[in-house]
1. In Å, the Kirkwood hydrodynamic radius of region B:87-151 over pairs of distinct alpha carbons?
2. To the nearest 0.05, what FRET efficiency results for A:E290 and B:S29 with a Förster distance of 41 Å applied to their C-beta separation?
3. Would you list B:E180, A:E290 from the most to the least accessible area, probe 1.4 Å?
4. If you take the Cα atoms of the protein assembly as shown, find Rg, then find the Kirkwood Rh from the mean of 1/r over all pairs, what is Rg/Rh?
5. Give the accessible surface of chain A per residue, rounded to a whole number of Å², with probe radius 1.4 Å and ligands, DNA and RNA excluded.
6. What 222 nm value per residue comes from the helices of the protein assembly as shown, counting each DSSP H run with n ≥ 4 as -39,500 (n - 2.57) and dividing by all residues, nearest 500 deg cm²/dmol?
7. Before I look further, what does chain B give for accessible area per residue, probe 1.4 Å, in whole square angstrom?
8. With just the Cα atoms defining each centre, how far is region A:100-116 from region A:260-294? Give it in Å.
Amino acid sequence: MVALAVILSDLLFGMMLGCVFAVVAHGLNLIWGVVKVVNIAHGEFIMLGAYGAYFLNVFGGFNPLLSAVVDGALGIFVGYAFYFSFLHRELRGKERITLRSEMVTLVSTFGLSLFMSNLAVVAFTGDFVGINWSPGTVALGFLELPLGALYVTILAVLIISTSVVFLDRTYIGNAIKAYSQDITATQLVGANPTKVASLATALGFSITMAGGALLTVWIPTGINPYMGALYAPISFVIVVLGGPGKMLGSLLGGLTLGVVIDVLQAFVPVSLAYAVAFLLLIPVLLFRPEGIVK
Amino acid sequence: MTLLVEGISTGYGETQVLYDVSLRTEDRSLTVMVGPNGAGKSTTLRTITGLQRVWRGRVGFDGNDITSLPAFARVELGMASAPEGRRLFPLLTTEGNLRLGAYCRRARDSAEDSLSQVYSLFPKLKERRSIKAGRLSGGEQQMAAIGRALMSKPTLLILDEPSLGIAPILIKEIFETVKELEKGGLSILMVEQNAYQALKYADYAYILQMGRVLRSGTPSELKNVEELRKAYFSIV
Ligand SMILES: Nc1ncnc2c1ncn2[C@@H]1O[C@H](COP(=O)(O)OP(=O)(O)OP(=O)(O)O)[C@@H](O)[C@H]1O
Ligand SMILES: [Mg+2]
């Protein structure tokens, strides 16, 4: 009975954590899947979202849910700024995204990553900080669920499903999908490629930064300038698990990784749990390089 | 007159492909351009749809100079194309592809009407509406590409080799549908390898060879033209 309770709670916590992982991965997936940019600085934008939530809490008393909304709005601007300063020159007028431009953006976002984490040390100091937010717990049978984590899970699922519906049901959302498949044909149906690609990038950053805010609930003392070094790989693993460009793949990949990490933590030290979870990538790449989602 | 191409030259990198090409289309007419492989037919269409910048010359459409207008903006003016290789979105469904055809403002409000018109023109597409476009047969893909172009409610429809890779019995069907669209009021510019068959349906035709317009005229004027034969054999 006790063992069953432990397994069930590990599963449940793993799934809740996985939903938050899925959000940050989803942000990466949009940018990777649509404009084919592997954003090495992805983790630093998660960090930015987390610090955003921290300062909104310290100076405005915002809880992480509210901060996620504010971060999401800020992320739109950050995403457009990123597109027009880093990507536009490479993508403008291209009928296909060449390997060369993928390399150029890869290297330039690597530089951005180093710049941002080092600047963050100067601006925010290297201290670990956290947000104090505990809205209580709710009893679920024999489980005590923290309400904060529950709310965050709900918002996480809401963010992902809204973006999936947006991509599926709106003209511009469809054009984003189309762009990821054929840039030339996207223009031939009358869609402005710059408008489409920059919007996809802006959405990706918005979701990434909102995800950074949601993550703070799971790392009560862990906001720091180098946190990107953990959450970027997590995002990459999730996107590869789910399949780059497959939007529901982020959710499935996130759930998988969350559960695996949480269950592993019951047996091995935390850092080892992450290491083992990253190993998942190897069989997936070997046997299902297109991701676990069909 | 819908389209007026005046003396365009262009190419890829340093290599010139088109030399001083001029052509025009009329309202409610089917204009066909024939010529051997590599003559520059697709490149001509790329300059018309705006995918290819011109080095010299101008492109006019409905009285406007559109030479430097980007491709997506030309769709809003009433130009639509089914390009070489069809270029459907392979991971979207057939209907998803068609619906995207109505992307431009002008066409969105009547997307549902346009969709049922396309389905009545190509009943096969209705059957296959929820199949991913990448899994359609060659003929179905061609219908979907034409259908997607029609969804934008164009005044000028541009087709690049609609008969390519299609079963011979279907080719006639496609040409007949194209002719029907012309009677419905469209101006059509069609590139074809299948010269003799295409000329049967054309109102006016151009023969392109090595990047130059060799001859133009009505099909009966061109029928016995030695150049038409030569255009096809001199290259090989
Ligand atoms: N993207 C490109 N880059 C470089 N050269 C190209 C490109 N596309 C076409 N060409 C060259 O331009 C010339 C004209 O090609 P184009 O595709 O316009 O001919 P076409 O008449 O449409 O031929 P086909 O009947 O084979 O479709 C050819 O010599 C071709 O090799
Ligand atoms: Mg061609």
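The values are calculated or read from the model by the stated rules, or taken from the named source; none is laboratory data. Please read all numbers here as calculations on a predicted model, not as lab measurements. Glycine also receives a Cβ, built like all others from the backbone with ideal geometry; neighbour counts cover every protein chain displayed. Just the protein is used for accessible areas: all its heavy atoms, side chains included, with ligands, DNA and RNA removed. Shrake-Rupley method; radii C 1.70, N 1.55, O 1.52, S 1.80 Å.
1. Roughly 11.2 Å, rounded to one decimal.
2. In this case the efficiency is close to 0.30.
3. Solvent-accessible surface, decreasing: B:E180, A:E290.
4. Ratio value, two decimals: 1.08.
5. Result: 43 Å² of accessible area for each residue.
6. Calculated at 222 nm, the ellipticity per residue is -18500 deg cm²/dmol.
7. Using a 1.4 Å probe on heavy atoms only, each residue of chain B averages 44 Å².
8. One Cα centre to the other: 27 Å.
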